[in-house]
Amino acid sequence: MKRIYLDHAATTPLDKRVAKTMRDFELKYFGNPSSIHHEGQQARAEIDFARAKIAEFLVCKPQEIIFTSGATEANNLAIKGVVSHAIFKLGIKPHIITTELEHQSVYNVVKELADRGVAEASFIKPSADGLVFPEQIIKEIKDNTVLVSTIFVSNEIGSVIPVREISKQLSLIRANSRIVYHVDAVQAAKFFNCNVEKLGCDLLTLSAHKLYGPKGIGVLYVKTGTKIDSLLQGGSQEYGLRPGTQNTAGIIGMACAIELLGPLEERQRQAAEIKKLRDRLWDSIKKILGVEINGPVGDSRSPENLSITIYKTDQDALIAALDLAGFAVSTGSACVSGSSKPSHVIQALGKITDGPTATLRITLGKDNTKREIDSFIKTFPEIIKKLRQK
Ligand code: PMP
């Protein structure tokens, strides 16, 4: 049976060209980029080149790119690094503003810091259709606010957060304040403009495996002058902010994957194609009784995401039946699937459920075809009908 992969927010397949570039690199440039001999310097030159390519994508300086082991680490570094600076260098108990739409690697970090009494935190509640508005953030600012951290595109429900508007409103206040703005752009980089100057952020997170690149490599963009501490002690790699020998092949793979995304116009063209398929899917699925979309509709929704609530249907049985029929989809965030409890994001939407209820996240990618979507459209109602009869 041909498998149909519809879980691109969890991870994307590795592009064959990226895989080849990485393999060729690894065999040729094995040196430690911190070594001063020829082999080391060759590896160093290659990662410098990759850093410059990623800097071009974000429209920033190469030395503002910090390589990490992925977005989870980059988000931890962003939050804990700013909090650590505030506590140990500024001598204040910091306040963080974030949202209930965040990925666990932001949400759980902020929650933990607040629960331990290390920092104060405000979590912005989204509207029932999953939107967050700049005024909600501005309203929460206090004298000790040091960090605002928002997702750019929700990995679960596809909401697009108005990052530019938030940064504009923050800049009116920030002129004489110490607030750092961090953006988790992991799910946005494929389709949205990640020019950090235009976005107006100080920190921004990327992950390669969401962009047809390898797993285990990510980036934290750190604007020059941002007050942030390193979380690890060790060597002086990554400008002292992230010690440890770099994942050189991963870095080369990440730069290659980002280059393959192409210019913004190409990414937007691809987004429009994917959106057409996503809309075709939703136009059909919404005819099923007891099915509701999670998150916004229209321009505030990312093109590849369809998240739905299906009433009177058992979630685990649904995922299993779809998997058996050849479809890879997810219940919500891949990081919480396996749990039948709705994620904090779905809970934040305030849906009232009575009896078995399933959340399904379908996320399309560049290689999905109309045929694949039509196959899902045909199979899905049959599965729901069967499960509801049980
Ligand atoms: N942020 C967002 C928005 C994500 O979707 C993910 C991955 N699900 C992460 C952070 C964590 O990424 P990584 O797997 O690279 O740690």
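The values are calculated or read from the model by the stated rules, or taken from the named source; none is laboratory data. Everything quoted here is computed from the prediction, not taken from an experiment. Because the Cβ atoms are built from the backbone with ideal geometry, glycine has one as well, and the counts that use them run over all protein chains shown. To get the accessible areas, we keep the full protein, side chains included, count just its heavy atoms, and leave off ligands, DNA and RNA. Shrake-Rupley method; radii C 1.70, N 1.55, O 1.52, S 1.80 Å.
Observations on the model:
- Of the residues Gln270, Tyr221, Ala189, the one whose Cα sits farthest towards the positive end of the charge dipole of the chain is Gln270 (charges of +1 on Lys and Arg Cβ, -1 on Asp and Glu Cβ, taken about the Cα centre).
- At 1.306 mPa s and 10 °C, Stokes D of the chain from Kirkwood alpha-carbon radius, µm² per second: 73 µm²/s
- Against the main long axis of the alpha-carbon atoms of the chain, helix 71-88 sits at an angle near 50°.
- Magnitude of the charge dipole, the stretch 134-238, Cβ model with Lys/Arg +1 and Asp/Glu -1, debye to 20: 160 debye
- When the trypsin sites (Lys or Arg not before Pro) in the stretch 1-55 are filtered for DSSP coil states and for at most 16 other beta-carbon atoms within 10 Å of their beta-carbon, the remaining sites are Lys2, Arg3.
- Degrees separating the helix 163-174 axis from the principal Cα axis of the chain, which is the longest one: 40 degrees
- Furthest towards positive pole of dipole, Val59, Leu77, Pro243, structure part the chain, Cβ charges: Val59
- The chain: angle of helix 315-324 to the longest principal axis, Cα-based, in degrees nearest 10: 90 degrees
- Choice from His103, His344, His182 with maximal GNM fluctuation in the chain (Cα, 10 Å cutoff): His344
- Our analysis of the stretch 260-382 gives Rg over Rh at 0.97, with the two radii drawn from alpha carbon positions and Rh computed by the Kirkwood formula.
- Each residue of the stretch 97-114 was assigned a 3J(HN,Hα) from its phi angle through the Karplus curve 6.51 cos²θ - 1.76 cosθ + 1.60 (θ = phi - 60°); the sequence is 10, 9, 10, 7, 9, 5, 5, 4, 6, 10, 4, 5, 5, 5, 4, 4, 4, 6 Hz, with glycine and proline shown as x.
- Volume in Å³ per residue [convex hull over Cα atoms, computed for the stretch 9-154]: 164 Å³
- Of all accessible heavy-atom area on the chain, the percent that carbon and sulfur account for (1.4 Å): 54 percent
- A simple charge model with +1 on the Cβ of Lys and Arg, -1 on the Cβ of Asp and Glu and nothing else charged puts the dipole of the stretch 16-261 at about 260 debye relative to its Cα centre.
- The chain, relative contact order [Cα under 8 Å, separation at least 6], %: 23 percent
- What you get for the stretch 213-359, charging only the Cβ of Lys and Arg (+1) and of Asp and Glu (-1), is a dipole of about 200 debye around the Cα centre.
- Of all DSSP bridge pairs formed entirely within the chain, close to 55 percent run antiparallel.
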